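**Student:** Below are the structure tokens for one structure; questions will follow.
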Amino acid sequence: AKSWMINYKQHLPEGVELMAVCQGKDMGELITTYQTLVDLGYTHIAFNHSSIAYQKEYEGLDHLKATMYGRMEFIRRLVASNTIRKSHYHHLLGCSLPQEFMSYKDWTFVKSVDTSNPILVGAEGQRYTDSGLTWKPKEKLEHYFEKDLSGQIENITFNVQQFRKFIK
């Protein structure tokens, strides 16, 4: 991250920002990484959905719940310690369980999310419930690139609309 900020930032076109992803083996390292990125001058920071730190924090839970609760806890700790920079752009990378995003409604510093989850669930012929899911599709998006999903358009559309309700 430091190398990119030093060597490439000045070469970016106007309006283009570097984004860095917080990484760490435990919550302490994640928080330190976040502060380091801020200190380096990053104003666009992403939080991934599958850090091993989340697994360590919630060892007794299944993988999907641990990653969901782990990211929520990481961000909660940033807020509680006043470490979070609310004026910065924060992005959520991926999705373990879609109901996680209901937790971020009041945190306006979370500006964006990217996930194929609503599409993948719909492609498997399934729909979100009002409370989300307890499972995650095994297939990745590229599995469906050459598939005819016309029979799943209603499920996909339903899930995208339900996901939008989760984040609003």
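**Student:** Looking at the range 4-74, which GluC sites (Glu not before Pro) are in a loop (DSSP not H, G, I, E or B) and have at most 13 other Cβ atoms within 10 Å?
**Tutor:** Glu14, Glu17, Glu59
**Student:** Just give me a number: lysine pairs in the range 111-168, eight or more positions apart or cross-chain, with C-alpha atoms less than 19 Å apart.
**Tutor:** Taking the Cα cut-off of 19 Å, the pair count is 4.
**Student:** Restricting the count to DSSP beta bridges whose residues both fall in the chain, what percent are antiparallel, rounded to a multiple of 5?
**Tutor:** That works out to approximately 5 percent antiparallel.
**Student:** Taking H as built 1.01 Å from N, whose amide H comes closer than 5 Å to the amide H of His49, not counting residues under 5 places away?
**Tutor:** Leu93
**Student:** Another question, then. Keeping all protein chains in place, calculate the accessible area per residue for the chain (probe 1.4 angstrom), answer in Å².
**Tutor:** Normalised by residue count, the accessible surface of the chain is 57 Å².
**Student:** Identify the trypsin sites (Lys or Arg not before Pro) of the range 109-163 meeting these criteria: DSSP loop state and at most 12 other C-beta atoms within 10 Å of the C-beta.
**Tutor:** Lys138, Lys140, Lys147
**Student:** Return the loop-located trypsin sites (Lys or Arg not before Pro) in the range 1-86 (DSSP other than H, G, I, E, B) with at most 14 other Cβ atoms within 10 Å of their own Cβ; answer none if there are none.
**Tutor:** Passing sites in the range 1-86 are Lys25, Lys86.
**Student:** Just want the answer: with Cβ charges of +1 for Lys and Arg and -1 for Asp and Glu, which residue in Leu133, Ala80, His63 is farthest toward the dipole's positive end in the chain?
**Tutor:** The residue sitting farthest along the positive end of the dipole is Ala80.
**Student:** Just how many % of Cα pairs in the chain lie over 18 Å apart, if you round to the nearest whole percent?
**Tutor:** That tail contains 64 percent of the Cα-Cα pairs.
**Student:** In the chain, which longest range has no chymotrypsin sites (Phe, Trp or Tyr not before Pro) that are both DSSP loop (not H, G, I, E or B) and surrounded by at most 12 other Cβ atoms within 10 Å?
**Tutor:** 9-134
**Student:** At a 1.4 Å probe radius, carbon and sulfur cover how many percent of the accessible area of the chain?
**Tutor:** C and S fraction of accessible area: 51 percent.
The values are calculated or read from the model by the stated rules, or taken from the named source; none is laboratory data. Just so it is clear, the model here is predicted, and its values are computed rather than measured. FYI the Cβ positions are ideal-geometry reconstructions off the backbone, even for glycines, and counts take in every protein chain you see. Note: accessible area is taken over every heavy atom of the protein model, side chains too, but ligands, DNA and RNA are not part of it. Shrake-Rupley method; radii C 1.70, N 1.55, O 1.52, S 1.80 Å.
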